[in-house]
Amino acid sequence: MNNNPQSLTDQELGKKPLDINLEDYVYLGRLGKTFGLKGAIRFHGIAEAETEAVYKLDKVYLSDLGERQILAVEAKGSSPVIFFAGAEHIDYAKALVGKKVYTARDTLPEIKDDSFYLEEIIGLAVKLDGQDFGEIDDIIDASAQDLVVILYQNQEYLVPLQADYVELTDEALLISNPPEGLFEL
């Protein structure tokens, strides 16, 4: 174990992650490029609530690396930057680029009544032009936008959550006047 809190050793970066059940964790987003020389790294949350959550968390789980302590989170432009313990220099932070970020379900911060975590909409009914059209089966983080996986009659359909023809309510995902061919096989 490295006693120097300033840097992750090659051995620590390569260590096996904790044996966890990802069903007990919530996907928050992905780490982007490094920012500055002091080890900050951009965080790209999958939605607003997930982005806001990292400001309140003390630790997260990183894919392939396991649990990591958060030293600080700072707002820098369009997405926050995170400083992790053991990665206080750009050379060490580079090993974190592209890692998926999760948090234990029981550590999710409470959010405003009009907000939600994306995982909360899985299982929500879908209506296409007012008619029942299956349910939300999954959410895919496609970097520029979130894709909703709709399961209808044993077929999966991908729909961008931020599209003009999509509206999310407490009762259902409403799709009105989608582009021609979107739901054709």
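Under 13 Å of direct C-alpha separation, and excluding same-chain neighbours fewer than eight residues apart, Lys100 reaches these aspartates and glutamates: Glu50, Asp64, Glu67, Asp141.
Multiplying the residue separation of His89 and Phe183 by 0.36 nm and subtracting their alpha-carbon distance yields 29.1 nm.
Under a plain spin-label model, where a point goes 7 Å from the Cα along Cα-to-Cβ, how far apart in nm are Asp138 and Glu67? Going from the Asp138 label point to the Glu67 one covers 2.8 nm. Legend: translational diffusion of segment 100-183 by Stokes-Einstein, Rh = Kirkwood radius over C-alpha pairs, 4 °C, 1.567 mPa s; D = 94 µm²/s. Each helix, a run of at least 4 DSSP H residues, gives -39500 (n - 2.57); summed and divided by the residues of the chain, these come to -1500 deg cm²/dmol at 222 nm. Net charge of the neighbourhood of Pro80, taken over other residues with C-beta under 14 Å away and scored Lys/Arg +1, Asp/Glu -1, is +1. Its Cα gyration tensor gives segment 42-158 an equivalent ellipsoid. The semi-axes, each the square root of 5 times an eigenvalue, are 32, 15, 13 Å from largest down.
Mind scanning Lys56/Lys127; Lys38/Lys112; Lys76/Lys112; Lys99/Lys127 and naming the pairs with a C-alpha gap bigger than 25 Å? Listed pairs above 25 Å: Lys56/Lys127; Lys38/Lys112; Lys99/Lys127.
Here segment 20-67 yields Rg over Rh of 0.97, to two decimals, using C-alpha coordinates and the Kirkwood radius.
Rule-based calculations on the coordinates, nothing more; no lab input. Predicted model, so just to flag it, every value in this text is computed and none were measured. Don't worry about glycine lacking a Cβ; one is built from the backbone with ideal geometry, like all the others, and counts go over all protein chains shown.
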